[in-house]
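Remarks on the structure that follows.
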Amino acid sequence: MRAAVLGSPIGHSLSPYLHRAAYQAMGLDGWSYEAFECDEARLPGLLAGLVPVRGRERGGDDAWAGLSLTMPLKRAVLPLLDTVSEVAVEVGGANTVVFRDGLRHGDNTDVHGIKQALAEAGVAAPGSATVLGGGATAASALAALRDLGLFQATLLVRDPARAGETAQVAERLGVSLAVETFDKLEVATRVDLAVSTLPGGAADAFADRLARVPALFDVVYSPWPTRAATAVKEAGGTVVGGFAMLLHQAVRQVELMTGRTDVPVEAMRAAGEAELLRRS
């Protein structure tokens, strides 16, 4: 059985280390997991060329169990799928494709990853939250917050005109969303939880002001810690890093692709941390 992660750029992905560690610990000797460079233009052709596993048959050497998707493919894949889970429809993006019964099933495990990462750090039920950034991960963050019982949030973006898709996600989720620009950061961070979905280094300029939040979830995992994470920790706040999200969304992907629930979380964690250490 084969699986892979697709995206562009893809060379930095930790997914192969996480998934391969799971396969090894689970005794899935015939399983492989690769990383393929793939942009939106190449995605339809690549999907068409895969031979999915059918029913419960293992298939031949070219049988595919599933795919992990990263940027820029999470939204682009939706029209290419046969079925899409409710959560993937809500957030407008799928980061997982499972081949089953000859069909392509789309799902989103980022929401699960965020919830598990927050729970692991003891941030289970924030009463208020602000999300920095308006991309696909911000949409998943809003879904996770909704699942944790939070039905209103603030979204901080550089240009509100570009936050339309995320605002639509909030509407589908039933979340009341206030869209503000970063000049409102002072007020917007008077919350229980700040979620930064900004790319590495982008939140550094806001570190001093983010330091006041009781809890920060920063989706960056390398380099780590970020200046914002350090500022919050030094001020006595709780910090959740992006690696925890990446780990737990991968755990859920392994469950979906293998059909098993005995996924070795700690073996995957150790493999990911070892690779991050090697890169540092």
Can you report the number of residues in region 1-20 which are in a strand (DSSP E or B) and either among the polar types (S, T, N, Q) or touching a strand residue (DSSP E or B) at 6+ places or on another chain (Cβ under 6 Å) (or both)? 5
Selection from region 36-48 of residues that are open to solvent by less than 50 Å² (accessible area, probe 1.4 Å) and closer than 25 Å to G272 by Cβ: C38
When you scan region 120-143, do you find a residue that is in contact with a Phe, Trp or Tyr (Cβ under 9 Å, 6 or more places away or on another chain), aliphatic (A, V, I, L, M) and more than 22 Å from K233 (Cβ to Cβ), even just one? no
Expected single match for of a type in the set (A, V, I, L, M, F, W, C) and touching a helix residue (DSSP H, G or I) at 6+ places or on another chain (Cβ under 7 Å) among A119, A144, A136 is A144
Can you find, within region 10-21, the residue that is surrounded by the most Cβ atoms within 10 Å (Cβ to Cβ) among those that are at pLDDT 95 or above and under 18 Å from the mean Cα position of the chain (by Cα)? H19
Evaluation of L43 against (1) aliphatic (A, V, I, L, M); (2) over 23 Å from A270 (Cβ atoms); (3) out of contact with any Leu (no Cβ under 9 Å at 6 or more places or on another chain) (one fails), failing number: (3)
Spot the failing condition for Q168; the list is (1) out of contact with any strand residue (DSSP E or B) (no Cβ under 6 Å at 6 or more places or on another chain); (2) surrounded by 14 or more Cβ atoms within 10 Å (Cβ to Cβ); (3) modelled with pLDDT of 95 or more, and only one is missed. (2)
Matching residues in region 21-47 - criterion: being among the aromatic types (F, W, Y) and either on the phi > 0 side of the Ramachandran plot or in a loop (DSSP other than H, G, I, E, B) (or both): W31
I'd like to check something: does region 82-101 contain any residue that is hydroxyl-bearing (S, T, Y) and either touching a residue at least 60 places away in the same chain (Cβ under 8 Å) or in contact with a His (Cβ under 6 Å, 6 or more places away or on another chain) (or both)? yes
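Between T230, T189, which is β-branched (V, I, T) and at pLDDT 95 or above?
Values: T189 fails: at pLDDT 95 or above.
Exactly one residue qualifies, and that residue is T230.
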Does A63 meet the test of being modelled with pLDDT under 95 and open to solvent by less than 10 Å² (accessible area, probe 1.4 Å)? yes
Condition (residue is modelled with pLDDT of 95 or more, open to solvent by less than 50 Å² (accessible area, probe 1.4 Å) and of a type in the set (S, T, N, Q)) applied to region 24-31: is it met by at least one residue? no
Looking at (1) open to solvent by 10 Å² or more (accessible area, probe 1.4 Å); (2) in contact with a Lys or Arg (Cβ under 9 Å, 6 or more places away or on another chain); (3) part of a helix (DSSP H, G or I), which is the only condition A161 fails? (2)
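Return the only residue of L256, L177, L246 being under 30 Å from H105 (Cβ atoms) and touching an Asp or Glu at 6+ places or on another chain (Cβ under 7 Å).
Working: L177 fails: touching an Asp or Glu at 6+ places or on another chain (Cβ under 7 Å); L246 fails: touching an Asp or Glu at 6+ places or on another chain (Cβ under 7 Å).
Selected residue: L256, the only one of L256, L177, L246 that is under 30 Å from H105 (Cβ atoms) and touching an Asp or Glu at 6+ places or on another chain (Cβ under 7 Å).
The values are calculated or read from the model by the stated rules, or taken from the named source; none is laboratory data. The structure presented is a predicted model; accordingly, all values stated were derived computationally and were not measured. A quick note on method: Cβ atoms are made from the backbone with ideal geometry, for glycine too, and the neighbour counts reach across all protein chains shown. These accessible areas exclude ligands, DNA and RNA; they are computed on the full protein's heavy atoms, side chains included. Shrake-Rupley method; radii C 1.70, N 1.55, O 1.52, S 1.80 Å.
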